[in-house]
Structures are given as structure tokens and as C-alpha cells.
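Okay, structure first, notes after.
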Amino acid sequence: MDWLTVFLTDLHASYPALWHGFSITLKVLLFATVGGIFIGTLLALMRLSSSKVLNLFAQSYVNLFRSIPLLLVLMWFYFAVPFIYTGVTGKYLTIDTALVSSIVAFMLFEAAYFAEIVRAGIQSIPKGQSAAALALGMNYGQSMRFIILPQAFRKMTPLLLQQSIILFQDSTMVYAIGLLDFFRTNYVRGDLMSLLTQYILFAGLVYFTVSMLATFLVKKLQQRLRV
């Protein structure tokens with residue numbers, strides 16, 4: 001059991017680095033989820049718009065990002081974000097390129113999936129409510145903001161949270177562009193090849209525990225919203 005003693009000792013000593021890595025993972029998750037839902041909502045409204053141009057743009061966007069691998073999107077934005085930032089501002093990107101690129105990539109990628117969830121949520125609301133809102137003198141924007149979207153988000157909150165859990169699991173892919181998230185912080189500690197398996201298993205246990213706990217809470221929330 002010498003390996004276990006060494007592993008636990010190293011784990012205790014590496015706690016600050018591990019927490020830093022986990023905080024990076026949470027940053028990617030938080031910003032990508034909030035931004036993805038915001039962009040996804042706009043895309044969903046475009047998909048449901050009577051404008052053929054907006055509808056075609058949103059449909060093309062969703063089909064594009066749902067047809068290419070996430071890893072490829074990460075690589076694209078890892079090189080594109082600094083180039084675009086320099087071209088627009090005339091300055092070099094001084095903050096962590098890998099972190100910004102990861103957030104942008106996940107935000108735009110997940111927006112395609114959030115858009116379909118939001119669109120389904122809006123379509124689940126009876127059309128009579130939109131007609132009633134218009135009869136009361138509300139315009140389309142007001143009826144969406146005050147009547148349709150609040151009810152739709154209540155219905156689709158569990159699905160949005162489930163997609164966020166998937167995003168949390170997929171965040172390990174930032175390892176490919178060198179971002180020091182929780183997985184990579186845990187992985188690079190395995191300097192001794194004999195302990196490398198234990199480090200990876202530990203990371204898997206953490207992701208499994210967080211995901212299972214989040215899934216349990218989502219199911220509880222779904223039952224409560226149903227009632």
C-alpha cells in the first residue's frame with residue numbers, strides 16, 4: 001500500500017493547485033452556460049421568426065455546430081480568437097488565450113444545442129396564450145418576454161441543466177489546447193508513471209461524483225416543477 005500513502009500525501013500537498021484547476025473548470029462552465037443559453041435563445045427566436053433570412057441563418061448555425069466535433073471547434077478558436085482580437089482592437093490578447101478561447105468555443109458550440117431546447121420549450125406553450133397577449137395590446141416582443149419565455153424556461157430548466165452537466169464533462173477537452181483545468185492539473189501531477197493511473201482514476205471519480213450529484217438534483221427539480 002505504499003503507492004496509496006504516496007498518492008494521499010501528494011494529493012494533500014497538491015490541494016491548492018487542484019482547487020485552482022477546478023476553479024478554471026467552473027469558469028468555463030459558468031460563462032459557457034450563461035452565454036450559450038443567451039445566444040441559444042436568440043437563435044431559437046430566429047428559428048421561429050417569420051423572416052426567412054433569420055430562419056435560414058439560425059438553422060445553418062445550428063446544423064453547422066451540431067455537425068462538427070467539439071475538439072475541432074476548440075482548436076479553431078484557439079487560433080482564431082487572438083487573431084480576431086488583434087485585428088479588431090489592434091492590441092495583443094494579454095489574458096490567458098487558452099481560457100478565453102475555451103469559453104468562446106464552448107459558448108458558441110453549446111448555443112446550437114441550447115437553441116433546440118429553447119425552441120422546443122417555446123413551441124410547447126399553447127398558441128392561444130400568444131393570441132391572448134396580442135389581444136391585450138402586447139406586441140410580439142412583450143408577449144415573448146412576459147408571457148411565453150417565463151413559462152417556457154420553467155418547463156425546459158431541467159433540460160438546460162442536463163446539457164450543462166454534459167458541458168461540464170466535455171470541458172476536459174480543453175486539455176488539448178493546454179488549459180490548466182482540473183483534469184490537466186490532476187494529470188500533470190503524475191510524474192511517476194507508476195502513479196499515473198491513480199491520478200486519472202481520481203479525476204474520473206471527481207467528475208463522476210459531481211455529475212451524479214448534479215443529475216440527482218436536476219431530477220428533484222424536475223419533479224418539483226412538474227408538481
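The values are calculated or read from the model by the stated rules, or taken from the named source; none is laboratory data. Note that the coordinates shown come from a computational prediction; the quantities given were computed from them, not determined experimentally. In this analysis, Cβ positions are derived from the backbone assuming ideal geometry, glycine residues included, and neighbour counts consider all displayed protein chains.
Numerical summary
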item	result
Residue in the stretch 120-139 that is closer than 20 Å to MET156 by Cβ and at pLDDT 95 or above present	no
Matching residues in the stretch 38-72 - criterion: being of a type in the set (D, E, K, R), in a helix (DSSP H, G or I) and over 19 Å from LEU149 (Cβ atoms)	LYS52
Subset of the stretch 143-165 (residues that are in contact (Cβ under 8 Å) with a residue 40 or more places away in the chain and under 22 Å from ALA32 (Cβ atoms))	LEU149, THR157, PRO158, LEU159, LEU160, LEU161, GLN162, GLN163, SER164, ILE165
Some residue of the stretch 125-135 being under 30 Å from LEU29 (Cα atoms) and out of contact with any strand residue (DSSP E or B) (no Cβ under 8 Å at 6 or more places or on another chain)	yes
Boolean, ALA115 is farther than 18 Å from ILE24 by Cα, assigned to a helix (DSSP H, G or I) and hydrophobic (A, V, I, L, M, F, W, C)	yes
Only listed residue being surrounded by 13 or more Cβ atoms within 10 Å (Cβ to Cβ) and outside any helix (DSSP H, G or I), chosen from MET144, MET138, MET75, MET107	MET138
Some residue of the stretch 158-167 being of a type outside the set (Gly, Ala, Ser) and either closer than 21 Å to ALA17 by Cβ or at pLDDT below 85 (or both)	no
